[in-house]
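Here the structure comes first, spelled out in structure tokens, and everything after it is commentary.
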Amino acid sequence: MGACYGARTAVASGRNQPLHGDARDRRICDPMTAPKYHLTSYGCQMNKLDSELVESKLRQRGYQAAESEAAASVVLINTCSVRQHAEDRVWSKLGKLRIRKRTEPQLVVGVLGCMAQEHKRYLLSRMPHVDLVVGPSAFGDIDDTVEQARQKNAQLAAEREPARTKHEVHGAGVVSVDQGVSGDTIVRDVKVRPHRSQAFVSVMRGCNMPCTYCIVPTTRGDEVSRPIADLVAECERLCGDGVTEITLLGQTVNAYGRDLTGQDATLARLLRALHAIPSLRRLAFITSHPNFLNQELIDALAELPKVARYLHLPAQSGSNAVLKAMRRGYTTERYLARIEQLRAKAPDIELHSDFIVGYPGETAADFDQTVAFLQRVGFAQSYVFKYSPRPGTLAADLPDDVPEPEKERRNAVLLAAQEELTAGFNRAMVGKVVEVLIEGDSKVDGRFSGRTAHHRLVHFECSDRDRIGTYAPVLVTEALAHSCLGTLQRDDAAQAGRQDPAEAHA
Ligand code: SAH
Ligand code: SF4
Ligand code: F3S
């Protein structure tokens with residue numbers, strides 16, 4: 001099934017070069033001299049989880065988080081290649097760092113993640129102010145790589161003191177690592193977890209699907225699932241450490257385990273194993289592929305009350321011609337049949353999707369079918385993306401023939417259709433008491449926000465910061481376009497919600 005069409009080139013590992021000093025074993029203990037890092041994440045949830053692991057590893061080495069990027073001596077950018085726009089933000093950021101480095105030659109600049117994998121040669125040859133380039137499969141020893149770059153810079157700066165020309169201060173050797181120790185085994189530092197009670201867990205890395213437009217198989221490599229026992233152990237550790245909501249991550253998360261021959265590992269079995277952890281309250285998983293939505297998974301969704309009540313099942317298009325051109329491996333009819341099967345067994349599960357508009361050759365009639373499909377399924381939420389050609393993918397050889405204004409129009413029309421549906425879901429919540437996991441300050445002034453088991457966002461008055469990370473009942477009073485307003489209820493209702501999170505939505 002679905003060969004990985006993106007070649008992965010091995011590049012000489014920086015770890016083959018001698019370390020300057022005994023960097024591997026030396027923890028930096030003096031807080032006064034500890035190097036300060038700043039890391040920005042530009043990508044998907046997988047990218048954000050990787051950033052958390054990188055930060056944990058640096059802190060274990062003795063590095064400290066800087067209060068701002070300007071105060072950091074190590075600036076790291078965890079990048080995304082999925083669309084041109086995502087890359088443009090990083091190129092522009094690197095332009096600013098090039099200027100900063102003219103006056104701070106010791107500054108360590110690191111490009112991590114999918115762009116590091118995709119553009120390693122360009123970054124190494126054309127961006128001399130970039131000190132390290134680390135692909136997503138080599139975060140396991142990121143601390144060594146950063147330390148190596150830091151020591152190189154210090155050595156070069158000492159040799160060249162005072163810096164005389166622009167060229168000299170840029171000449172700080174580059175460490176490149178794009179294959180190596182995976183970050184999966186990094187022990188997490190609770191201080192860098194965005195929410196104490198929530199955690200992402202990567203169950204598989206890479207992707208073997210043949211979607212013609214997508215660069216992820218190139219940047220992330222082949223599918224590799226982690227054994228169930230390892231995942232149970234990691235989730236037990238997290239739950240012991242205060243986590244109550246776990247979101248499992250994989251590019252095709254419901255294909256989990258198919259590479260683990262002889263282990264009978266499937267997502268459904270994994271969900272059942274994790275469901276048994278007593279202190280776990282919610283268990284979500286993203287992103288599912290329509291081809292792997294089977295009865296075993298549907299049964300697990302129906303039977304396991306802690307499993308989140310939404311399924312992110314990107315359709316990408318509602319036109320069979322476009323789906324075929326994209327090599328998605330299903331038709332709209334097959335997609336609909338699968339979700340009918342799902343709804344028969346677990347009618348409270350809401351569907352979320354991604355759509356691409358303006359794929360090469362997509363006609364206005366194809367697009368109209370996508371709008372009709374979105375309405376027919378009745379998605380609760382969708383992300384809509386304008387097609388962006390990615391170099392090296394099969395679709396990049398096709399003419400990008402839908403003009404930009406037409407892509408804009410289709411984007412706006414599809415978003416408007418989705419917003420209407422989402423607003424309907426929000427209106428249907430008014431008057432109901434829902435259980436939310438309180439996440440913290442909301443974007444609506446002075447309020448807190450939380451998410452329901454359906455992943456719906458609710459804002460409500462609350463000033464007790466100790467309640468962040470706990471579950472509470474909220475009466476929904478008003479529907480907004482993308483969220484709801486509500487009022488916090490007494491806790492006995494929360495107990496009721498706890499017994500059956502799905503029931504609170506009935
Ligand atoms: N593995 C997931 C998500 C992959 S990337 C999945 O298969 O669903 C997230 C989304 O980005 C995709 O679902 C797709 O809608 C969008 N995307 C991927 N490549 C794109 C491209 N070249 N142009 C525009 N959108 C793209
Ligand atoms: Fe894999 Fe998703 Fe990209 Fe398809 S869209 S190749 S399934 S990551
Ligand atoms: Fe982007 Fe890489 Fe995630 S390309 S979407 S950061 S897997």
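The values are calculated or read from the model by the stated rules, or taken from the named source; none is laboratory data. The model shown is predicted, which means the values in this text are computed figures rather than measured ones. Here the Cβ positions follow ideal geometry from the backbone for every residue, glycine too, while neighbour counts run over all protein chains shown. Surface accessibility is based on the protein's heavy atoms, side chains included, excluding ligands, DNA and RNA. Shrake-Rupley method; radii C 1.70, N 1.55, O 1.52, S 1.80 Å.
A few points about this structure:
- Listed residues Cys462, Leu398, Val111: farthest to the positive end of the dipole of the chain (Cβ charges): Val111
- Radius 9 Å from Cβ of Pro290, net charge of other residues (Lys, Arg +1; Asp, Glu -1): +3
- Against the chain, whose longest principal axis is taken from its Cα atoms, helix 404-429 shows a tilt of about 50°.
- Student exercise, the chain dipole from Lys, Arg, Asp, Glu Cβ charges, in Debye to nearest 20: 840 debye
- Among the protein heavy atoms, those of Glu303 account for about 100 Å² of accessible surface (1.4 Å probe, every chain in place).
- Extending 7 Å from the Cα toward the beta-carbon at both His275 and Arg465 defines two label points whose distance is 3.8 nm.
- Accessible-area composition of the chain, carbon plus sulfur, in percent [1.4 Å probe]: 53 percent
- Every helix of 4 or more DSSP H residues in the chain counts as -39500 (n - 2.57), and over all residues that averages to -11000 deg cm²/dmol at 222 nm.
- Remark: for residue pairs Lys57/Lys306; Lys101/Lys191; Lys36/Lys101; Lys36/Lys57; Lys101/Lys152, the C-alpha separation exceeds 21 Å in Lys57/Lys306; Lys101/Lys191.
- Using the Cβ-Cβ distance between Val187 and Ile99 with R0 set to 51 Å, the FRET efficiency works out to roughly 0.85.
- Amide H contacts of Arg447 (H built 1.01 Å from N, in plane; Pro and chain starts excluded): Ser442 sit under 5 Å, all sequence-distant by 5 or more or on other chains.
- Extension gain, Ala344-Ala423: 0.36 nm per intervening residue step, less the Cα-Cα distance, totals 26.0 nm.
- Calculated diffusion of the stretch 193-325, Stokes-Einstein form, Kirkwood radius summed over Cα pairs, 37 °C and 0.692 mPa s, µm²/s: 211 µm²/s
- Gln375 versus Asp400: modelled label distance in nm, points set 7 Å from Cα along the beta carbon direction: 3.1 nm
- Cα-based helix-to-principal-axis angle, 84-103 vs the chain, degrees rounded to 10: 30 degrees
- Within the chain, longest stretch free of exposed trypsin sites (Lys or Arg not before Pro) [DSSP loop, at most 10 other beta carbons within 10 Å]: 165-442
- If you wrap the tightest convex hull around every Cα atom of the chain and split its volume per residue, you get 160 Å³.
- Calculated accessible area for the stretch 188-426 comes out at 38 Å² per residue, all protein chains present (probe 1.4 Å; ligands, DNA, RNA ignored).
- Simple spin-label estimate for Lys432 and Ala412 gives 3.3 nm between the two label positions (7 Å along the Cα-to-Cβ direction from each Cα).
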